[in-house]
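Okay, so here's the structure we're looking at.
The values are calculated or read from the model by the stated rules, or taken from the named source; none is laboratory data. Computed from a predicted model, the values in this text were never measured in an experiment. As a convention, Cβ positions derive from the backbone with ideal geometry for all residues, glycine included, and neighbour counts pool all protein chains shown.
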């Protein structure tokens with residue numbers, strides 16, 4: 001762990017990383033995606049759910065699949081699916097304390113939107129701790145784990161990869177970061193699609209909770 005004393009750039013995924021997946025916030029987003037697809041394509045929720053999951057696995061995000069196949073308004077999609085109830089998210093004093101102790105730039109790196117990141121971080125009391133948010137709009141709607149957004153966040157924030165560490169709950173999203181020279185931390189969880197590749201060499205560390 002001595003090598004972590006040299007870290008100057010701290011990248012954090014948002015959903016199910018800065019808050020626990022047990023809160024089921026993303027379950028709401030998931031349902032809103034199905035509803036959006038159902039209404040846009042005039043199909044049943046069941047059919048929409050199948051398309052949603054197929055696009056997620058084929059294009060890395062449902063949004064990416066909808067853009068490529070149906071030419072939807074991406075901003076309309078993001079606004080709709082992130083309009084969710086966050087009232088049950090609690091202020092996390094332990095997480096606030098731990099992130100405050102980190103020296104260097106702290107950046108949120110998400111396949112979601114800046115608005116969603118702002119809403120979530122405000123609810124858990126860490127909105128003032130970050131130097132920036134790099135969202136799906138910043139990546140020109142190219143999602144993790146495509147290499148392009150990793151290269152772009154490095155350029156935008158002038159990151160030195162050898163002094164950077166990335167925290168993420170979806171294991172495969174850590175591979176490009178590792179290939180670019182970053183240290184990687186997988187947030188352990190029981191979702192099969194998120195845990196796939198979690199025993200790979202591109203993962204340097206694992207933790208169950210960022211607050212401890």
TODO: Enumerate the pairs (first residue in the stretch 23-35 and under 12 Å from residue 61 (Cβ atoms); second residue anywhere and in a helix (DSSP H, G or I)) with beta-carbon separation below 7 Å, excluding pairs fewer than 6 apart on the same chain, so at least 6 apart or on different chains.
DONE: 29/81; 33/52; 33/62; 33/81
Open item on the list: Suppose the filter is closer than 21 Å to residue 113 by Cα and surrounded by 15 or more Cβ atoms within 10 Å (Cβ to Cβ); does residue 152 pass it?
Closed with: yes
TODO: Go through (1) in contact with a helix residue (DSSP H, G or I) (Cβ under 7 Å, 6 or more places away or on another chain); (2) under 30 Å from residue 154 (Cβ atoms); (3) outside the structural domain of residue 168 (by TED's automatic domain parsing) one by one and return the number of the condition residue 61 breaks.
DONE: (1)
Open item on the list: Looking at the stretch 187-210 only, could you name the residues that are buried (at least 16 other Cβ atoms within 10 Å of the Cβ) and under 19 Å from residue 94 (Cα atoms)?
Closed with: 187, 210
- [ ] Restrict the check to the stretch 50-58 and report whether at least one residue is at pLDDT 95 or above, farther than 28 Å from residue 175 by Cα and in contact with a helix residue (DSSP H, G or I) (Cβ under 6 Å, 6 or more places away or on another chain).
- [x] no
Task: Residues (at pLDDT below 95, within 24 Å of residue 54 (Cβ to Cβ) and part of a loop (DSSP other than H, G, I, E, B)) located in the stretch 190-208 - done: 190, 191
- [ ] Considering only the stretch 197-212, state which residues are touching a helix residue (DSSP H, G or I) at 6+ places or on another chain (Cβ under 6 Å) and either without any contact (Cβ under 8 Å) to a residue 24 or more places away in the chain or under 24 Å from residue 56 (Cα atoms) (or both).
- [x] 197, 198, 202, 203
Open item on the list: Taking the condition of being at pLDDT below 95 and either outside any helix (DSSP H, G or I) or surrounded by 15 or more Cβ atoms within 10 Å (Cβ to Cβ) (or both), how many residues in the stretch 1-14 meet it?
Closed with: 1
